[in-house]
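The structure appears below as structure tokens.
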Amino acid sequence: MYRARSILKIIGIYILLGVLLALFIFFYHEDLGRKKAIESQQRAVATVTGLKPTIPPGYSDTRYDLIYEYYDENGTHYSGNIILRTTDRDYAESFYGTEVEIYIDGNGNCIKVSEAPKFNVNRMKYWCYGIVVVIAAYTVIWVNLAIRHHL
């Protein structure tokens with residue numbers, strides 16, 4: 001029984017690490033799209049069209065961020081969010097219709113022009129590498145413990 005629980009814990013840890021790796025790969029893929037938008041240097045003007053309510057960890061109040069959207073001449077949809085960090089819904093709604101300059105790539109990827117200078121495409125890639133290293137280290141430790149336990 002003890003052995004079965006240990007194996008289930010090990011499997012659970014691998015599943016958790018696998019999910020984290022998949023998330024970081026997804027976010028890295030999104031960052032590559034943003035990088036392509038910056039490299040294209042094709043500018044467009046998006047409009048704030050909505051709010052994104054969130055409750056950050058450790059907070060009880062809902063925070064509102066802004067959502068901007070743009071459709072190009074081919075009908076390709078571009079959207080993103082602006083972190084506003086306000087709990088005042090009326091204040092957040094006062095930004096509806098505000099224009100935001102963005103870079104677009106023709107494939108639905110965009111980034112605000114003001115964010116481009118500080119954008120780091122490698123941020124999520126490094127997280128992916130880190131998770132792979134943790135998985136490898138965990139595997140080495142687990143295999144060593146298994147070998148010692150059986151010898």
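Please enumerate the residues belonging to segment 12-46 that are more than 17 Å from ALA116 (Cα to Cα), under 20 Å from the mean Cα position of the chain (by Cα) and β-branched (Val, Ile, Thr).
Result: ILE15, VAL19, ILE25.
Test GLY80 against the stated conditions and say whether it is modelled with pLDDT of 90 or more and not basic (Lys, Arg).
Yes; evaluated as a whole, the condition is true for this residue.
Regarding segment 73-83, can at least one residue be identified that is β-branched (Val, Ile, Thr) and in contact (Cβ under 8 Å) with a residue 40 or more places away in the chain?
Checked segment 73-83: no residue is β-branched (Val, Ile, Thr) and in contact (Cβ under 8 Å) with a residue 40 or more places away in the chain.
The values are calculated or read from the model by the stated rules, or taken from the named source; none is laboratory data. Note that the coordinates shown come from a computational prediction; the quantities given were computed from them, not determined experimentally. Glycine also receives a Cβ, built like all others from the backbone with ideal geometry; neighbour counts cover every protein chain displayed.
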